[in-house]
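Worksheet for the structure shown next.
The values are calculated or read from the model by the stated rules, or taken from the named source; none is laboratory data. Worth saying up front: this structure is predicted, and the values here are computed from it rather than measured. Because the Cβ atoms are built from the backbone with ideal geometry, glycine has one as well, and the counts that use them run over all protein chains shown.
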Amino acid sequence: MRVLTPEQMRSVDAASLAELGDVALMRAAGQRIAELAERYARGKRIVAFAGSGNNGGDAFAALAVLPARYKRVVYADVAEKPSAARRDAEKRAAKAGVAVRAFPKTREEARKALAVCGLALDGLLGTGARLPVPQKYVDPIAALNECAVPVLAIDVPSGIDATNGALGEPAVDAYATITLGALKIGLLLEPARSKVGELWLGEIGLSQAALDRERVEFAALDDAEFLALLPRRAQDSDKRKAGAPLIVAGSEQFPGAAILCALGAARAGAGYVTVAAPQAALPALRMHLVEQVAVELTSAEDLLEVAKRCASTGIGPGLGLDDRTGEIIREFVQRCELPIVADASALFHFAKNLEMLRGKRIVLTPHEGEFARLSGQGTIKSGERIARLREFVDRTGITTLLKGDATLIYDGKLMHVNTTGTPLLATAGTGDVLTGMIATLLSQGLDPVDAARAGAYWHGLAAKKAGLQRPVGVIARDVADSLGAAIPGEPRPSELRRIF
């Protein structure tokens, strides 16, 4: 999916208005918002706070098309120079019986406005708004956050910066957000992501030519794109052609990391998984891995020999941090021509030797702490994730997946933002499962950036699927075991799509 910056959205809006007219676009926006409003309303009274711009116009447009069985009230900030689309929306709302009230001037007035309603619409500030929050909207936003009913934010929750995900004081804590026309990057980034709630994309008929003219800087997968990336077994596949990753992982202290990595690889569809681990870890591996082959990790030379029968390598989960292991891993990677995914202890061993990875078909998968060491530039501060990842990849030439609530994948060309992240993944071993998954996808022919973004998307889907069966206590093995069931069905075309 295309993900736009606010500047790009303004450009597309302007071109679309010239081509299609602003009235048609706002009417389409109102229809999409109304569809969701009926989904979330807990009562027959729906209240909207409408700002003075077109975001407020969208609120009028939505109330205008909601059925008359709803008591619809809008508290509207006066638009001094309303657009033609807003004037049209206001007229249609009045004709439909929508009550228009004076905009609240105090928090108490805003609270009273929201009393006994079944849904609140946040139409105060749109994509183009910048922080800080205008003073006249501070009390209405605070009241929206205090009300006991769902708040549906229009385009973006008021008080967030759609450019970088920064939060104002205050910012609407939405139950759901419907963003119109295209995803905006700030909605996908923390800390704003935690305010978005359930995110929906509403198609409103923007000019495709205008969208195509915009340089693609950010992208995110949806179900259809994920399914298009996911390899399918050919009819004549044998077990190695189906995917044969070599997992180099584990130690006496952490044999479980290798086990989980191997299970992730197998459940992601590999036909033949080989695990190379130190001798002390092998008894545990052989006890828990029935279908996978476990061999002793002795030397780079032996690893290279095993790798001749494999199609990719996943390195790092649970490996020792001793110098000898580091020497074996670095020599192996330097001489290995297979595509590689490296995580955990492998990142420790590569941190001061990144130049040896340049030109390799490799993806690194650090969390923020590991990235701080890898990059050599310390802890990532709030709002720096995109800039820090760009700098690192541009400098080293290494495709990197930076884990987090919004996992980022960058190959020097396009920044991919994962939309399936979930707190359910905040448990030991899920990163090991992801490494195995990416290793399998690499072994099945995906290039590093596609294997990384498909793996991250699928990983989140599997965690959510596991959470349906076990709302509390999801563990890494549950995520691996849910991979097959988490594959989505073929999506149907729709003008309203759930993103997360």
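Whether any residue in the stretch 222-234 is in contact with a Ser or Thr (Cβ under 7 Å, 6 or more places away or on another chain) and farther than 21 Å from GLY431 by Cβ is what I want to check. No.
Annotation note: of VAL138, VAL149, the sole residue that is part of a loop (DSSP other than H, G, I, E, B) and either touching a Gly at 6+ places or on another chain (Cβ under 8 Å) or in contact (Cβ under 8 Å) with a residue 24 or more places away in the chain (or both) is VAL149.
With the condition kept exactly as written, say whether any residue in the stretch 79-91 is free of Cβ contacts under 8 Å to residues at least 40 places away in the same chain and either in a strand (DSSP E or B) or within 18 Å of ALA120 (Cβ to Cβ) (or both). For the stretch 79-91, residues free of Cβ contacts under 8 Å to residues at least 40 places away in the same chain and either in a strand (DSSP E or B) or within 18 Å of ALA120 (Cβ to Cβ) (or both): absent. Does at least one position in the stretch 207-218 carry a residue that is surrounded by 17 or more Cβ atoms within 10 Å (Cβ to Cβ), among the aliphatic types (A, V, I, L, M) and assigned to a loop (DSSP other than H, G, I, E, B)? Checking the stretch 207-218: not a single residue is surrounded by 17 or more Cβ atoms within 10 Å (Cβ to Cβ), among the aliphatic types (A, V, I, L, M) and assigned to a loop (DSSP other than H, G, I, E, B). The helices (runs of 4 or more DSSP H) found entirely in the stretch 428-499 that carry 2 or more residues being at pLDDT 95 or above, closer than 24 Å to ARG240 by Cβ and under 18 Å from the mean Cα position of the chain (by Cα) are 430-443, 448-469.
Might you check whether a residue that is part of a strand (DSSP E or B) and farther than 30 Å from LYS71 by Cα occurs anywhere in the stretch 159-170? Yes, the conditions are met somewhere in the stretch 159-170.
Residues of the stretch 232-272 that are under 19 Å from MET437 (Cβ atoms), part of a loop (DSSP other than H, G, I, E, B), free of Cβ contacts under 8 Å to residues at least 60 places away in the same chain and of a type outside the set (D, E, K, R): SER237, GLY271, TYR272.
The criterion of being touching a Lys or Arg at 6+ places or on another chain (Cβ under 6 Å), assigned by TED's automatic domain parsing to the domain that holds ALA228 and buried (at least 22 other Cβ atoms within 10 Å of the Cβ) does not hold for ILE438. A single entry from ASP155, ASP122 fulfils the requirement of being in contact (Cβ under 8 Å) with a residue 24 or more places away in the chain, among the acidic types (Asp, Glu) and in contact with a Pro (Cβ under 7 Å, 6 or more places away or on another chain): ASP122.
To keep it simple, each residue is scored yes or no on (1) of a type in the set (A, V, I, L, M, F, W, C); (2) touching a strand residue (DSSP E or B) at 6+ places or on another chain (Cβ under 9 Å).
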position: THR435; (1), (2): no, yes
position: LEU442; (1), (2): yes, yes
position: GLY445; (1), (2): no, no
position: ALA454; (1), (2): yes, no
position: VAL479; (1), (2): yes, no
position: SER482; (1), (2): no, no
position: GLU490; (1), (2): no, no
